[in-house]
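In what follows, a structure is listed as structure tokens, so that the remarks can point back to it.
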Amino acid sequence: MTLVKTGRGDEQCFRCPAHKGEKIFLTKDTFFENSKLTYRNIVELLLSWSFKELIVNTVSLTGISEKTVIQWYAYFRDVCSHKLVEVPILIGGVGQHVEIDESLISKRKNNVGRVVQQRWVFGGVDRATGRGFLELVPDRTAATLETCIQRHIAPGSIINSDGFASYQNIVNIPVLPRFQHIVVIHDQNFVDPITGACTNKVENFWKNTKRHFKSMSGTNEGMLPSHLDEFMWRGQYGKIPMDAFNNIIDHIQQWYPAP
């Protein structure tokens, strides 16, 4: 087969010289199969998403329709979610301090505005590295939160929390080595004067999370899990835009390996 231009931008395909109707596009069996975008458009979208460009700005800069930009931003978030399923975030370690807390993401301000579903999110931050995790939870029971702790915090970690009742059994979670648990009572101190327990890092983590959603002028509730995954993915793989650009391409390749 011969490599030829399709006549649509910079797109190319392999075409049979004897049967010119038989074509194989370069995107076949890839993440970009069936896309009508040119390769230039694809790179522009990857760069815009990596630099956290607003959708309206990406539309203006690239000439791609708003619907298409929204769709491809969602595809990139799917890649983030897939990577986090393949390699779950695990923080802490023996003797390392991890701060945990839970917070509402969706709520009405001062009880006004449209009624939205309240969504609790549980999270934790490694005090030394700044790495963290977030997980939507159906409730704040001890069973639910302890399961999240086991999934995301390495055994032997020193877990810092407030005095919430669901955290009372952390030292008995069946892991080896056991978790240590120290508590700060916020009605009394920001930092416990004896143990040094505090949750300042994780509270700052929540501020950054909510700032991320505020910058998008609100988030569709159904898309909240994928936006949380994107936020965590960026904290792990895309703290600077070019890291995000290189790693999202790498993770697309891992999900859709070359045939």
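The values are calculated or read from the model by the stated rules, or taken from the named source; none is laboratory data. Everything numeric in this text was worked out from a predicted model, so none of it was measured. All Cβ positions, glycine included, derive from the backbone under ideal geometry; neighbour counts span all protein chains shown. Heads up: the accessible areas ignore ligands, DNA and RNA and are worked out on the full protein's heavy atoms, side chains in. Shrake-Rupley method; radii C 1.70, N 1.55, O 1.52, S 1.80 Å.
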Exercise for the section: Return one number: the angle in degrees, 0 to 90 and rounded to the nearest 10, between the long axis of the Cα atoms of helix 200-214 and the longest principal axis of the Cα atoms of the chain. Expected result: 40
Fill in the blank from the handout: Rounded to whole angstrom, the alpha-carbon centroid of region 182-198 lies from that of region 50-102 at a distance of 34
Exercise for the section: Provide Lys239, Lys83 ordered by accessible surface of protein heavy atoms (probe 1.4 Å), highest first. Expected result: Lys239, Lys83
Completion exercise
Relative contact order in percent for the chain (Cα pairs under 8 Å, 6+ apart) equals 19
Handout entry: Inverse of mean 1/r across different Cα pairs in region 161-209, Kirkwood, Å
Key = 12.0
Fill in the blank from the handout: Between Ala197 and residues 5 or more places away or on another chain, the pairs with built amide H atoms under 5 Å apart involve Asp192
Problem - Between 0 and 90°, nearest 10: helix 66-86 axis offset from the chain longest Cα axis - result: 60
Exercise for the section: Please report, in cubic angstrom per residue, the volume enclosed by the convex hull of the alpha-carbon atoms of the chain. Expected result: 160
Practice task
Could you do me a favour and compute the accessible area per residue for region 118-173, 1.4 Å probe, result in Å²?
Solution key: 38
Handout entry: Met223 versus Asn34: modelled label distance in nm, points set 7 Å from Cα along the beta carbon direction
Key = 2.1
Practice task
List, in the order given, every pair from Lys201/Lys239; Lys36/Lys210; Lys23/Lys52 whose Cα-Cα distance in the structure shown is over 27 Å.
Solution key: Lys36/Lys210; Lys23/Lys52
Problem - Gain in span if fully extended, Asp139 to Ile55, counting 0.36 nm per residue against the direct Cα distance - result: 26.9 nm
Handout entry: Carbon and sulfur %, accessible surface of the chain computed with the full protein complex present, 1.4 Å
Key = 54
Handout entry: Estimated FRET transfer efficiency when R0 is 30 angstrom, pair Lys67-Leu90 (beta carbons, to 0.05)
Key = 0.20
Completion exercise
Here FRET efficiency (C-beta to C-beta, Arg151 to Lys239, R₀ 30 Å, nearest 0.05) is 0.85
Completion exercise
Under a 1.4 Å probe, counting only protein heavy atoms, Cys148 has an accessible area in Å², nearest 10, of 0
Handout entry: Pairwise label distance in nanometres, His82 with Lys210, each label 7 Å out on the Cα-Cβ vector
Key = 3.4
Fill in the blank from the handout: Debye calc, one equal point scatterer per Cα of region 30-161, no solvent, log10 I(q)/I(0) at q = 0.13, 0.19 1/Å comes to -0.79, -1.04
Problem - Exposed-site-free run, longest, the chain (rule: GluC sites (Glu not before Pro); DSSP loop; at most 15 other C-beta within 10 Å) - result: 34-259
